[in-house]
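Enquirer: Pasting a structure here, questions to come.
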Amino acid sequence: MGLVNTDAIVLRTYNLAEADRIVLCLTRNAGLVRAVAKGARRMKSRFGAALEPFTFIKLDFYEKENRELVTISQAEILKSNFELAAHPDSTDALAYIAELVSEFAPPHEANDKLYRMVKACIDALASLADRPNLVVRYFEVWLLRLAGLFPDLSACTRCNNRFVDAELVYVDSEARPRCRACSHDTDSVLSIEIRRCLTATQKLAPLEFADSSAQLSAEAQTELAEFTHRLLVRALERRPRTVVGATSR
Ligand SMILES: [Zn+2]
């Protein structure tokens with residue numbers, strides 16, 4: 001308990017009382033944190049633009065025992081993502097990322113891999129603001145993978161035989177991969193193209209992934225989006241509230 005100093009990403013803000021703001025942050029050292037910024041809505045707030053959504057900040061806050069809400073003492077901008085946040089094509093993608101991170105990240109539990117992944121995706125969006133979809137797919141895959149909810153696509157769930165590269169893979173209603181011999185009539189086929197694409201997320205950074213998958217056809221992008229969406233709906237037990245297009249470009 002006491003003062004915590006950490007890098008953080010502002011995800012969302014809400015107004016509180018007359019002059020204050022509640023800020024939802026993904027922090028590197030303390031995980032998901034809900035923080036009060038006193039006086040943040042005054043004209044001459046000491047926080048300036050540091051608490052705008054998707055700003056990367058250095059954050060100091062006070063924790064109190066048994067209180068979920070912490071109090072911000074200082075916030076300093078490391079990188080303002082103001083232009084990205086204001087870009088019409090990336091607004092939905094960012095809101096979607098904020099929604100899913102706030103659902104998946106347990107409060108007050110540091111997860112360095114998650115922090116770095118989310119930060120890398122926002123950085124990648126800053127370069128690809130007009131075509132955010134593949135970065136969003138990468139984000140979904142990794143969010144699920146870090147939560148232990150992404151299927152291992154290297155082998156059949158039933159017979160454990162490893163798939164060869166050109167082999168057709170079937171997925172059952174629970175999104176478990178199966179070989180042809182173990183598949184049922186109701187299973188859907190995961191195209192080779194999409195399986196390669198999903199495997200590539202393991203080795204590539206989000207920007208590299210978006211570049212290497214830029215040639216995917218509109219149909220393939222839709223298939224990819226449907227696959228990740230299915231896994232997310234299963235994990236959340238509902239549809240995400242924020243809607244992002246599968247192939248807006
Ligand atoms: Zn099998």
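Enquirer: Let me make sure I get this right: for the stretch 1-125, a, b and c are the square roots of the gyration tensor eigenvalues over alpha carbons, sorted descending. Under 1.5 in a/c it's rounded, otherwise prolate if a/b > b/c, else oblate. Which is it?
Expert: Oblate.
Enquirer: Turning to a different aspect of this structure: Which whole-angstrom value gives the distance between the alpha carbon centres of the stretch 176-213 and the stretch 15-87?
Expert: About 38 Å separates the Cα centre of the stretch 176-213 from the one of the stretch 15-87.
Enquirer: Less than 20 Å apart at the alpha-carbon level, and either on another chain or at least 8 residues along: which aspartates and glutamates does that give for residue 44?
Expert: 18, 20, 52, 60, 76
Enquirer: Moving to a separate point now. For residue 191 and residue 239, what does the FRET efficiency come to when R0 = 22 Å and r is the distance between their Cβ atoms, rounded to the nearest 0.05?
Expert: The value I calculate is 0.40.
Enquirer: Hey, got the dipole for the stretch 125-222? About the Cα centre, +1 on K and R Cβ, -1 on D and E Cβ, debye to the nearest 20?
Expert: On the way: 11 positive and 13 negative charges, 55 e Å.
Roughly 260 debye, rounded to the nearest 20.
Enquirer: Still on this structure: Using a 1.4 Å probe over the heavy atoms of the protein chains, calculate the carbon and sulfur portion of the accessible area of the stretch 113-249 as a whole percent. All intermediate terms of the calculation are to be shown ahead of the outcome.
Expert: Values: 3350 of 6980 Å².
With neighbouring chains kept in place, the figure for the stretch 113-249 is 48 percent.
Enquirer: Another question, if that's okay. Please give every one of the lysines within straight-line cross-link reach of residue 38, meaning a C-alpha to C-alpha distance under 23 Å, and leave out same-chain neighbours fewer than 8 residues apart.
Expert: 58, 64, 79
Enquirer: What does the C-alpha gyration tensor say about the overall shape of the stretch 158-249? Classify as rounded when a/c is under 1.5, otherwise prolate if a/b is larger than b/c, or oblate.
Expert: Taking the square roots of the gyration eigenvalues as a ≥ b ≥ c, the stretch 158-249 is oblate.
Enquirer: Give the cross-link partners of residue 113 among the aspartates and glutamates, using a straight C-alpha distance below 20 Å as the criterion and excluding same-chain residues fewer than 8 apart.
Expert: 7, 99, 103, 123, 140, 152, 208
Enquirer: Please find the FRET efficiency linking residue 65 to residue 116, where r is the Cβ-Cβ separation and R0 is fixed at 45 Å, and quote it to the nearest 0.05.
Expert: 0.95
Enquirer: As a check on your grasp of the helix formula, calculate [θ] at 222 nm for the chain: sum -39500 (n - 2.57) over DSSP H runs of n ≥ 4, divide by the residue count, round to the nearest 500. Intermediate results must be reported in sequence, preceding the final value.
Expert: Values: 7 runs with 87 residues, N = 249.
Per the formula, -11000 deg cm²/dmol.
Enquirer: What translational D, rounded to a whole number of µm²/s, comes out for the chain from Stokes-Einstein when the hydrodynamic radius is the Kirkwood one over Cα pairs, at 25 °C and 0.890 mPa s?
Expert: 127
Enquirer: Now for a different question. How high is the FRET efficiency from residue 109 to residue 14, r the C-beta distance, R0 30 Å, rounded to 0.05?
Expert: Values: r = 22 Å, r/R0 = 0.72.
It comes to 0.85.
Enquirer: Of all accessible surface on the stretch 8-61 at a 1.4 Å probe, what whole percent is carbon and sulfur?
Expert: The C+S portion of the solvent-accessible surface of the stretch 8-61 is 47 percent.
Enquirer: So with the 1.4 Å probe, I'd like the accessible area per residue for the chain, rounded to whole Å².
Expert: Details: 12790 Å² over 249 residues.
I get 51 Å² per residue for the chain.
Enquirer: Same structure again: Counting only other residues whose beta carbon sits under 15 Å from that of residue 46, what net charge do I get with K and R as +1, D and E as -1?
Expert: Numbers: positive: 21, 38, 41, 42, 44, 58; negative: 20, 52, 60, 76.
It works out to a net charge of +2.
The values are calculated or read from the model by the stated rules, or taken from the named source; none is laboratory data. Keep in mind that this is a model prediction, so the values were computed, not measured. Please note: Cβ atoms are built from the backbone with ideal geometry, for glycine as well, and neighbour counts cover all protein chains shown. We work out accessible area using only protein heavy atoms, side chains counted, and drop any ligands, DNA or RNA first. Shrake-Rupley method; radii C 1.70, N 1.55, O 1.52, S 1.80 Å.
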